[in-house]
Amino acid sequence: MARKWLRDGVLIAALMAGGLAGGFPLGALAREAQQGQVEGTVAAAQLPPEAVRTLNLIAAGGPYPYEKDGVVFGNRERLLPPHRRGYYHEYTVPTPGARDRGARRIVCGGPLRRTTNCFYSDDHYASFNRIIE
């Protein structure tokens, strides 16, 4: 919940009102909240098997099991490094037992089929981890 408050600016406002921002320049916390950050890294070998299969499909250029796979990801949450629109594309990671696409996604930046700049989200874009080989 604190992450959502941070994204929405609520936590920043509370810190400023309570005087807890102390030695920070006035706009520093707000800029950090707007740009977001990737939480960490995850090794490709540590991903769920469905995510590994999705990475392999991305590298092969498909075919993808879902119609929306490969569409442009807008990064509206601003959690990924900033790039021009069209840089990121999203792909569904199937969730066993789910009746819909589920919450798991891989988002890759750069040219299609490139898997060297991909991020994994298991909570429908609320957080991301960079995928490392």
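For a quick check: sort 121, 127 by the number of other beta carbons within 10 angstrom, fewest at the front. Don't skip to the answer; put the middle values down first.
Details: 121 22, 127 18.
Lowest count first: 127, 121.
Take 90, 133 and order them by how many other Cβ atoms sit within 10 Å, fewest up front.
Going from least to most buried by this count: 133, 90.
Among 73, 49, 106, whose Cα projects farthest towards the positive end of the dipole of segment 30-133, with charges put on the beta-carbon of Lys, Arg (+1) and Asp, Glu (-1)?
So the residue furthest toward the plus end is 73.
For 77, 67, which order do you get if you count the other beta carbons within 10 Å of each Cβ and list the fewest first?
So the ranking, lowest neighbour count to highest, is 67, 77.
Of all trypsin sites (Lys or Arg not before Pro) in segment 68-133, which ones are in loop regions per DSSP and have a Cβ with at most 16 other Cβ atoms within 10 Å?
Those that pass, being in a loop and sparsely packed, are 68, 76, 78, 84, 85, 99, 113, 114.
Quote to one decimal, in nm, the extra length available between residue 60 and residue 77 on full extension: 0.36 nm per residue of separation minus the C-alpha distance between them.
Stretched fully, the residue 60-residue 77 segment lengthens by 3.3 nm.
Coordinate-derived values only; no laboratory data. Quick caveat, the model's predicted, so the values are computed rather than measured. Glycine gets a Cβ as well: all are built from the backbone with ideal geometry, and neighbour counts include every protein chain shown.
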